[in-house]
1. Give the chain A residue with the shortest beta-carbon distance to the rotation axis relating chain A to chain D, plus that distance as a whole number of Å.
2. Can you compute the helix-only [θ] at 222 nm over the protein assembly as shown? Use -39500 (n - 2.57) per DSSP H run of at least 4 residues, normalise by all residues, nearest 500 deg cm²/dmol.
3. With the cut-off at 22 Å, tell me which of the pairs A:Lys68/B:Lys40; A:Lys40/B:Lys68; A:Lys40/B:Lys40; C:Lys58/D:Lys58; D:Lys40/D:Lys68; C:Lys58/C:Lys141 have Cα atoms farther apart than that.
4. Expressed as a whole number of Å, what is the distance separating the alpha-carbon centroids of the range C:108-184 and the range A:111-142?
5. Using a label point 7 angstrom from Cα along Cα-to-C-beta, what distances in nm, from shortest up, separate D:Tyr63 from the other copies?
6. Every other copy gets compared here: list the nm distances from the A:Ser131 label point (7 Å along Cα to Cβ) to its counterparts, shortest first, one decimal.
7. Suppose the chain between D:Ala158 and D:Trp185 were pulled fully straight at 0.36 nm per residue; how much longer would it get relative to their current alpha carbon spacing?
8. Output ³J(HN,Hα) for the range A:132-149: one whole-Hz value per residue in order, computed from phi by the Karplus curve 6.51 cos²θ - 1.76 cosθ + 1.60 with θ = phi - 60°, and x for Gly and Pro.
There are 4 protein chains.
Amino acid sequence: MAVAPEARRPIGQGGRSPGSLRPERWNEIVDAAGDVFDEKGYAAARIEDIAARVGLLKGSLYYYIDSKEDLLFAIVDGNHSRGIVVVEEGAALESADPPTRLGAFVERWIGILGANPGYAAIAERDLRRLSPERQAIVMDKRARIHRFVRDIVEDGIADGSFDAGIDPGIVTNNVFDVLNGISQWFHPARPLTYEQLAEHVRCFVLRGLGADPETIGPALP
Amino acid sequence: MAVAPEARRPIGQGGRSPGSLRPERWNEIVDAAGDVFDEKGYAAARIEDIAARVGLLKGSLYYYIDSKEDLLFAIVDGNHSRGIVVVEEGAALESADPPTRLGAFVERWIGILGANPGYAAIAERDLRRLSPERQAIVMDKRARIHRFVRDIVEDGIADGSFDAGIDPGIVTNNVFDVLNGISQWFHPARPLTYEQLAEHVRCFVLRGLGADPETIGPALP
Amino acid sequence: MAVAPEARRPIGQGGRSPGSLRPERWNEIVDAAGDVFDEKGYAAARIEDIAARVGLLKGSLYYYIDSKEDLLFAIVDGNHSRGIVVVEEGAALESADPPTRLGAFVERWIGILGANPGYAAIAERDLRRLSPERQAIVMDKRARIHRFVRDIVEDGIADGSFDAGIDPGIVTNNVFDVLNGISQWFHPARPLTYEQLAEHVRCFVLRGLGADPETIGPALP
Amino acid sequence: MAVAPEARRPIGQGGRSPGSLRPERWNEIVDAAGDVFDEKGYAAARIEDIAARVGLLKGSLYYYIDSKEDLLFAIVDGNHSRGIVVVEEGAALESADPPTRLGAFVERWIGILGANPGYAAIAERDLRRLSPERQAIVMDKRARIHRFVRDIVEDGIADGSFDAGIDPGIVTNNVFDVLNGISQWFHPARPLTYEQLAEHVRCFVLRGLGADPETIGPALP
DNA sequence: AATGAATGAGCATTCATTCAT
DNA sequence: GATGAATGAATGCTCATTCAT
């Protein structure tokens, strides 16, 4: 899940930010870093590999970055920024019932997974390698995303559309575990599109919350 | 999820395996490695840290291991060996209906999580840092564990106890994502025991599969 | 016996081979390695010493090499490549009689010893520390060099210019033992040039083979 | 060329000298060390390998030695002690002519090579790894051995049995290079005994010195 | 005599980072 | 913008050596 171009400039970084000069180059680099981090993990990834993937020598990469961590931050923060976008786009559905809103969220989330597959895992895995300040930036976004789902869950419990016995905290975590896990095993090469996958996952999640089968909608086609 | 003591000797490793001489020492070391790998990730973990945690100098650790990878393998393989145990212990329930069997599996799994918390993530994260041979050993166990759940799911679809519209492959992955995600956010320090957590997760999963609420059992207390 | 500059680029090595970019630097490094290996032996030689001798820090040396063994190979293989050159330069003498050819070979060999003294011993001593593939490359060259001398010996026995009772295998080994031993005790600081030494050794060897004193030429001046 | 038992106790070492307790054990250990040093070179040889070859653990070897260097010294000094014996045994031939004396020396030397093959190379190769004191002890023996041959050569030149044009220093080195080189290529598995080899080498050397073919004796059978 | 365990200094190698050109 | 060269700190691993038992 690469960062959407408009969210991709180094944020909270100050300095010359060379990315502003050639945004497309910066995006290439971040994508390359995403691939390499995904394959080897942040610590084992080599700057040289990332540079080679965009046709540079390792020394040259430092024209674009100040440190390896910049790339991790760009990816992890970008991932979360996209998550924020997913969450905020829900405005149109604000008046809908909780199952509909949660289902729509799941579909939007997986839809974006499809656009930039592969980097969700990095966010989970290597978040702690960031500096405390940057971790805080990311954790704040994460909390807002989390809160969005949890609010829906609590609303649903309150209005009876979800089972009263569920624990909002646990269930919210379960939902994100399901969503974040996807990119580790799903490959669109399968005879299944992201849209179809989203349907399955939406059902799994809503059922898991005890939603009325009627509300969830018809069985998958 | 550290390895249960009786399953912990280096398996499939050949060589002098000094761990067999002093199993407690070997267990201490593997536990220490698990902690450090969990905190920093495999690549960033330093042998020196692991050694210090058991009161040794880094060089001394090599009396017990041949390489850092040995420790990763001990943890990852041990984790999976415990998973195999969880899967195989289901013999008594073989004649039960699929929801009961799956629910019991979830409870056993989380029960073991409680015994040795923390290392499940390592297995998911750093599996690829193992040698191909060792990866194969682990992947084989993983496939068997996976197959156990998938078989239950398919049985349940066939006999109508799970929704006919679900995809066994997707759903099995969803289940493991939920189970493996737990150790990343659940801390027993919370006002919730592993048993109570297991109840919640059991319900979430079974409902997600479309099981009859009657079968799932009473709402959580 | 260091490698002649023109033969010195890493041969049969694949990879980026930065030495090709700055041959003089590569030669400096190989010479430094030759000195250090000669003084301490391959195993006891420290990369740090070699680096320091060319004004680098040990880490920097890895810009030029992939491993310490690369340096050993460059020296040992270079030595043998020079030997091949010595052997092949004999074309002009092909029609001469065996004693003349062998005498000329001895003179050429020692002449080259004089150009790059000191590393012949390394080739003999630490050949076995090379990887099997590289050993094979070197052993092949060695066999060709050996064969060149043996052929002359056999020709000489056949045409009566060498004693009929000698064993070509033994005598060829004796000749190379004499030639290879030189660099361990001869220092041109002595009141003797390499040319004079070569004359003595040529006589010793030809006499050893039972050549007609007339053929060998006049006593040394 | 292992050390003859009676010459094998650690010499010039002072201390408890445990070898005196079980001479045969000490010999076993020195032989094992000789094998390992010969295979890998002194620096690359591991105490553990030597210990394993005599059925001990590496720590246990220190009951017999004070340091790895003790073993090198035992071998190198032992080798030279044998050389001294070879040289001194010549008493009976003292009145013989130089070619006879030198020929007899070659035969004795190779005869002893046959008794303990393989370690001559170590002496040449790793002499410099000894402490200065021990190097001095060995170099003194070496000088005496060298001097023995050189004296014969000079006598031979003086009385006309060797060519007047040869340089005693060079030729003596040639002779030892031939003798010391043997163990690197000769294996008694060949269809040739040490006695036969000695004959060939004797002829090569004496001819090399310009001795009268009549003096050298009949061609090899 | 022998061992198991530990030590600690040393070494090859890696790699993020810098910088003059 | 990009590069080649160099840096230096870090880190996995080795191994001679010690010593209580």
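What follows draws every value from the coordinates through simple rules; no lab data is involved. Everything numeric in this text was worked out from a predicted model, so none of it was measured. In this analysis, Cβ positions are derived from the backbone assuming ideal geometry, glycine residues included, and neighbour counts consider all displayed protein chains.
1. It is A:Ala44, 15, counting Cβ atoms only.
2. -20500 deg cm²/dmol
3. Numbers: A:Lys68/B:Lys40 17 Å; A:Lys40/B:Lys68 17 Å; A:Lys40/B:Lys40 14 Å; C:Lys58/D:Lys58 32 Å; D:Lys40/D:Lys68 14 Å; C:Lys58/C:Lys141 31 Å.
Violating the 22 Å Cα-Cα cut-off are C:Lys58/D:Lys58; C:Lys58/C:Lys141.
4. 65 Å
5. Output for D:Tyr63: 1.9, 5.4, 6.9 nm, nearest copy listed first.
6. Those label-point separations list as 4.1, 4.1, 5.5 nm.
7. Working: separation 27, 0.36 × 27 = 9.72 nm, distance 3.45 nm.
Length gained, D:Ala158 through D:Trp185: 6.3 nm.
8. Going residue by residue, I get x, 4, 5, 3, 4, 4, 5, 4, 5, 4, 4, 5, 5, 5, 4, 4, 4, 5 Hz, with x marking Gly and Pro.
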